[in-house]
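This report concerns only the one structure given below.
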Amino acid sequence: SKTTDFLFSALEQDKLADMMHRLQYIGFSGTLSKCGEMLETDGCLTTGAGNLDVSLDSRSMRVFDGHVETERMDLSLLTGDKNLGLISFDVNADCALVENSVPEGSLYGSVTGLDYLGYRYKHILFDAKSENKILEGHVSVDDKNLRLNFSGECSLDSSDIKYKALVSVRDFSPNALNLTNGFVDENFDFNVAVDLGGENLDFATGTILVD
């Protein structure tokens, strides 16, 4: 209804206003050029939470390459979540917007540092690819208190959702990661395999194996 749409819109505007208040200021310095549908920009986005080096090469309004990098961004200011802290990352994207379908392309990069609950996770790599309504992704963490490898595939066809994932966890130390006060000096290893399908994930059936 129009009333519901208005309420959701107001809530989103309040969230945006809160984020802008936390960021204190936003500025951009760099170059911007446009020729027909081609757009190029290269510069630095400055905020109260940190700076982002940004480059964008758009061959049309639907196809673009991009790169975003920061040495220090305060996620607690950006999101309002006090459990989060600083993040350092380098991300590349190659994307094409497809009419009446999900975007296609790739996203890959690294997170050299991420603060959560006072612990700094290090050495995180990720990549994802979307093609023909199939999303594939990989994440790896090579931290002294968590070594993780994740690979997953999800069909985004609205009539037939399929989701498969494999997770390998080694040297998981929940106490060292500040996730619990228990399990002092204890590490855990385990694997998870997921194979689900159905009309949507809320009513999916399949198997989840943990060992």
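Computed from the coordinates by the stated procedures, all read-outs in this text should not be read as laboratory data. Keep in mind that this is a model prediction, so the values were computed, not measured. Methodologically, a virtual Cβ is constructed for each residue, glycine included, from the backbone with ideal geometry; neighbour enumeration extends over all protein chains shown.
Rounded, prolate or oblate: which fits the chain when a ≥ b ≥ c are the square roots of the eigenvalues of the alpha-carbon gyration tensor, with rounded for a/c under 1.5 and prolate only if a/b beats b/c? Judged from the Cα gyration tensor, the chain comes out oblate (a/c at least 1.5, b/c at or above a/b). Each label point was placed 7 Å from the Cα along the Cα-to-Cβ direction; for Lys162 and Asn191 their separation is 2.2 nm. Residues whose amide H lies under 5 Å from that of Phe89, counting only those 5 or more places away or on a different chain, are Thr70, Thr112; hydrogens are built 1.01 Å from N in the peptide plane.
Highest mobility in the GNM of the chain, judged by mean-square fluctuation with C-alpha springs under 10 Å and restricted to Val98, Val54, Val63, is found for Val98.
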